[in-house]
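Notes for the one structure printed next.
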Amino acid sequence: RSQLKQGEFVGSLDCGTTSTRFIVFDRYANIMAQHQIEFPQYYPQPGWHEHDAREIKETCDACIDEACKTLEGTGYAKESIKVIGITNQRETTVLWSRKTGTPLCPAIVWDDSRTKNVVVHYQRRLENKGIEIEPGVWKKGEEGVDALRTLAGLPLSPYFSAIKLRWMLDHNKGVREAYDNDDLLFGTVESWLAYNLLGGPATSIHITEASNASRTLLLDLHTLTWSQPLLNFFSFKPSILPRIVSSSEVYGEIAYGPLKGVPIGGLVGDQQGALVGNKCLTEGEAKCTYGTGAFLLFCTGEEIVKSAHGLLSTVAYKPGPNAKPVYALEGSIAVAGSAVKWLRDSMKLISSADEVNKLAAQVTTTGGVYFVTAFSGLLAPYWDPGAAGMLIGLSSYTNPCHIARATIEANAFQTRAIVESMKLDSQTDMKHLKVDGGMTNGDTCMEILADIGGFSVVRPQMRESTALGSALLAGSAINLFGWDISRPDTLAEVNTAGGTTFEPKLDESERERTWVRWQSAVDRSRGWEE
Ligand code: G3P
C-alpha cells in the first residue's frame, strides 16, 4: 500500500435503470477504473416495473468497493479520488422511513404504467374543478392543463413521480401510516443514495437535486422551489419532501466504506448528466442518450421554452447554490435499449444485445415491418399511455433480421418525431445530433439513425457521457483541475479524443415514404389499451 501513487481523480456513481457503475476519471476524462453491476428488475403485473431500493444501494456500495480495488491494482491509492458525483435514473420513486431509513415499499420505476387511472382522475379534476394557481385564482379545462405545464413544464403522465407517489399513498397501508405519523420521506434515486451515503438516519440528510426535482411534477420550474399549488392539487404535505439543492456543491462527506470522508459534490439526473458530459452547455446544443429508454435534450440556456409540440421543459442543471439554472427541452422515449433486451430475454431472438446490429445489417429494409415499441404507452411527443406495442406489416417473408431492423428503426423514427417537435418549438434546424449510451455502440444502429433522421449523428469515442457529466459537476464544486461548469472554456481539455460521424445516405423520397408509414403505424397503435 505504501507504494501506491497519489493522483487526482474524480469518481462518478451512475445509477441507471438496469445497472449501476462507478467510474473513476482523470482530468482529461480518461477512465482510470470502473465497475458495473446489473440489479434485479421486478415486473409483478403487466405494466408494473419495480426496484428494491436496498438492492440499488447495495450495488452502489459494491461498485465503489470494486472500482477502488481496481484503481489500487493500477498503482493509485483510492485517496486519489478527491470528490464524487452521483447521476441517476430519474422519476423512479422511493419512499422510506425517517426513523429507520428503510424503504417502505418497492420503488416504482419511471416507465411503470400502473398509474394510468390516477392520470385520468387528475385530468378530470383539471376539467371539472381545476387548479388554484394562487389563492382564489382557479384555472380549469385547457387553461388548467396549461397552468400545469406553465408551473412544472410537464404534462400529466404516469411517467412523473407525483403520480407514482399518489398511487403509493392510496394503495399501501404502511406508506399511509408513515405519512400520517410523519415518518415518511419521499425521494428520487439520487435523494435515496445521497441520504444513505451521507449517513442514513443518523445524519438524516434528505436532499434532492434540481434537475431531478424538475421531474416530480411538484417543482415550480421558475423558482426551483416546491410549488404550493401543485402540492395542493395532488394533496401532499411538504414535510415528506426533500430540500432542493443545486447540481454542483458539496452536500456532505461519504460516511462509510473505502471512500469514507470523500465529499459528494455533484448530483444530476442521468439524462441531464449526459447533456453536461457531452458539453452541451450553451443554448442550441443537443444530445440523445440511448439507454433503457432514449432521451433527447436540447439546451435552452437560462430561458424556459414552453413546448407547444409535446416536449418537456426541464431543468438541465443548476451550476451552484447561488447560480441561475440552465434549462432544456426534452423529448423522452420510454423504450430503446429495453426493446433489444426484450428481443434477447423474452423473445430469445438474439443471444446478446450486439447481435441486433448483426441481424439488422443482413437486410437493407425491414420488408415493410414497423415496430411501435409502446410497451408502456408512448411518451414524447405523443403522451399516450393507452398506445399499445405493435408489430405491423408481417408476412411469410418476415424473418428475424427484419424484426431486428424494425426494432432499431423504431428508435430512429421516435428520435425523428422529437427532432421535428424541437424544430417547431425552437425555430432552429438541427444539423447534427450528439449521441451516447449502450445502443450507440452498434454502427448499423447509428447508420439507420442518420438515414431515418436525415441529420448527421456524432458519436464520441469515450461514451460514458452520463457519468462524465456528474464528474464534471462534482469536480467543479471543489474547483478540481480548475473546472468550472459555468465556464465551458475550463473544460476544453476534457474528452477531446474525437469520435465518428455518421452521415445520412438514404434517398430523401425513401426517407419521407417510410416516415409517413411510421406515423400511420403509430396512429394504429393508439387507443388500443383498455
Ligand atoms: O427518465 C428516465 C431516465 O432517466 C432513465 O435513463 O439511462 O436508465 O434509460 P436510463
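Looking at Glu132, Glu127 in this structure, which one is among the charged types (D, E, K, R) and in a strand (DSSP E or B)?
Glu132 is the lone residue from the list that is among the charged types (D, E, K, R) and in a strand (DSSP E or B).
Do any helices (runs of 4 or more DSSP H) lying entirely in region 259-367 carry at least 3 residues that are out of contact with any Gly (no Cβ under 9 Å at 6 or more places or on another chain), of a type outside the set (S, T, N, Q) and surrounded by fewer than 22 Cβ atoms within 10 Å (Cβ to Cβ), and which ones are they?
337-345
Of all residues in region 393-424 being out of contact with any Pro (no Cβ under 6 Å at 6 or more places or on another chain) and of a type in the set (Gly, Ala, Ser), which is farthest from Val516 (Cα to Cα)?
Ser396
Residues are listed down the side, and each one gets a yes or a no for (1) of a type in the set (Val, Ile, Thr); (2) surrounded by 16 or more Cβ atoms within 10 Å (Cβ to Cβ); (3) touching a residue at least 40 places away in the same chain (Cβ under 8 Å); (4) closer than 27 Å to Ser246 by Cα:
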site	(1), (2), (3), (4)
Phe22	no, yes, yes, yes
Asp26	no, yes, no, yes
Pro46	no, no, no, no
His49	no, yes, yes, no
Cys60	no, yes, yes, yes
Thr74	yes, no, yes, no
Ser80	no, yes, yes, yes
Glu91	no, yes, yes, yes
Leu95	no, yes, yes, yes
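Taking region 388-418 on its own, how many of its residues are of a type in the set (A, V, I, L, M, F, W, C), in contact with a helix residue (DSSP H, G or I) (Cβ under 6 Å, 6 or more places away or on another chain) and farther than 16 Å from Val522 by Cα?
So the answer is 2.
It is to be established whether one or more residues within region 225-247 are within 30 Å of Ala336 (Cα to Cα), part of a strand (DSSP E or B), at pLDDT 95 or above and not charged (D, E, K, R).
no
Could you check region 286-309 and list, in sequence order, the residues that are within 16 Å of the ligand (Cβ to nearest atom) and either among the basic types (Lys, Arg) or at pLDDT 90 or above (or both)?
Lys287, Cys288, Thr289, Tyr290, Gly293, Ala294, Phe295, Leu296, Leu297, Phe298
Could you identify the single residue in Asp484, Asp429, Asp489 that is acidic (Asp, Glu) and in a helix (DSSP H, G or I)? Reasoning before the result, please.
On the way: Asp484 fails: in a helix (DSSP H, G or I); Asp429 fails: in a helix (DSSP H, G or I).
One residue alone meets the criteria, Asp489.
Of Ala497, Ala477, Ala492, which residue is crowded, with 22+ Cβ neighbours inside 10 Å and either away from the ligand (no atom under 16 Å from the Cβ) or within 24 Å of Trp342 (Cα to Cα) (or both)?
Details: Ala497 fails: crowded, with 22+ Cβ neighbours inside 10 Å; Ala492 fails: crowded, with 22+ Cβ neighbours inside 10 Å.
The match here is Ala477.
Looking only at region 85-101, count every residue that is within 13 Å of the ligand (Cβ to nearest atom) and assigned to a loop (DSSP other than H, G, I, E, B) and tell me the total.
Matching residues across region 85-101 total 4.
The values are calculated or read from the model by the stated rules, or taken from the named source; none is laboratory data. Since we're looking at a predicted model, the values are computed, not measured. Ideal geometry is used to build each Cβ from the backbone, glycine not excepted, and the neighbour counts take in all protein chains shown.
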